[in-house]
Amino acid sequence: MKQQIVPIIEVAKILYHKKINEQVIKNKKILDKFFQIELSLPQIILFNSRKDMDRYWGWKTQSWMVGWAKPGAIYMLHPSCYLSESSHTDFKRYWKVLLHEHSHLYINTLTNGFAPRWLNEGLASYLANQIHKVPDETAALRVLDKLDFNDKDVYKIGYFWIELLFKKFGKNKLLQLLKELKPTLRQTKFESVFYKVYKIRFSKKNLTSLYEKYNL
Ligand SMILES: [Zn+2]
């Protein structure tokens, strides 16, 4: 006898799709307005376990990592296993991660992927309202170094500088910085683009003074 297939639908999982759909549409409106560009709705790819995420990457992912973005798509742990498959403890933060990852699509489009990591993560965290404590001065000045992919402090450091740039110099300059980073014929240097936009050299001396003024 031919083997029969019983159609099985996991309602608990599908129920989340409606919520994700609503949330992504809402986020698109917020981000289109903020970045002043219109991007089409991204594809959402959901993982049902940490194991599947590890298989996708080909290595053991860190327990705090629950999502990422690639052109036109957002990859996330499924909301139904967000708490059990990660080190996170507050479910409400899931929706902030969704907005965070969505923001990366805009930042990467504007900069062609040339934003330094602190700027990319800082702005995505800022837009998703993932508030971080102010880093100490030594940590904050690490924007002058290369911050690598696995360095979790990049979120806190980036958030601090983005909030400072945003509040002190406004949104338009920040958008201009992103747009100017987009390389044309050759890769532009971040320091010279920063100077062009803010008329401040991206140096230890100036960043220290900005840090100290901001903390008064
Ligand atoms: Zn990010």
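The values are calculated or read from the model by the stated rules, or taken from the named source; none is laboratory data. Everything numeric here is computed off the predicted structure, so don't read it as measured data. When we count neighbours, we look across all protein chains shown, and the Cβ atoms used for this are built from the backbone with ideal geometry, even at glycine.
Pairs meeting the criteria (first residue in the range 92-105 and modelled with pLDDT of 95 or more, second residue among the aromatic types (Phe, Trp, Tyr) and more than 11 Å from the ligand (Cβ to nearest atom), beta carbons under 6 Å, at least 6 apart or on different chains) are Tyr94/Tyr82. In the range 151-177, the residue that is surrounded by the most Cβ atoms within 10 Å (Cβ to Cβ) out of those that are within 13 Å of the ligand (Cβ to nearest atom) and touching a residue at least 40 places away in the same chain (Cβ under 8 Å) is Gly158. If you scan the range 1-53, which residues turn out to be out of contact with any Leu (no Cβ under 8 Å at 6 or more places or on another chain), among the basic types (Lys, Arg) and modelled with pLDDT of 95 or more? Across the range 1-53, the qualifying residues are Lys26, Lys29, Lys33, Lys51.
Are any residues in the range 128-143 more than 17 Å from Lys33 (Cα to Cα), in a loop (DSSP other than H, G, I, E, B) and more than 11 Å from the ligand (Cβ to nearest atom), and if so, which ones?
Result: Ile131, His132, Lys133, Val134, Pro135, Asp136.
Cβ separations smaller than 8 Å between residues 6+ apart or across chains give the following pairs from the range 52-64 residues that are under 24 Å from Thr89 (Cβ atoms) and touching a residue at least 60 places away in the same chain (Cβ under 8 Å) to residues that are of a type in the set (Gly, Ala, Ser) and exposed (fewer than 13 other Cβ atoms within 10 Å of the Cβ): Trp64/Ser87. The single condition from (1) in contact with a strand residue (DSSP E or B) (Cβ under 8 Å, 6 or more places away or on another chain); (2) over 30 Å from Gln176 (Cα atoms); (3) surrounded by 14 or more Cβ atoms within 10 Å (Cβ to Cβ) that Trp68 fails is (2). Figure legend. Inter-residue proximity from the range 193-212: first residues assigned to a loop (DSSP other than H, G, I, E, B), second residues surrounded by fewer than 14 Cβ atoms within 10 Å (Cβ to Cβ), beta-carbon distance below 6 Å, spacing 6+ or different chains. Indicated pairs: Phe202/Glu191. Regarding Tyr82, is this residue at pLDDT 95 or above and under 20 Å from Phe194 (Cβ atoms)? In short, no. Restricting to the range 81-127, and then to whatever is more than 9 Å from the ligand (Cβ to nearest atom) and of a type in the set (Gly, Ala, Ser), can you tell me which residue is farthest from Ile20 (Cα to Cα)? My answer is Ala115.
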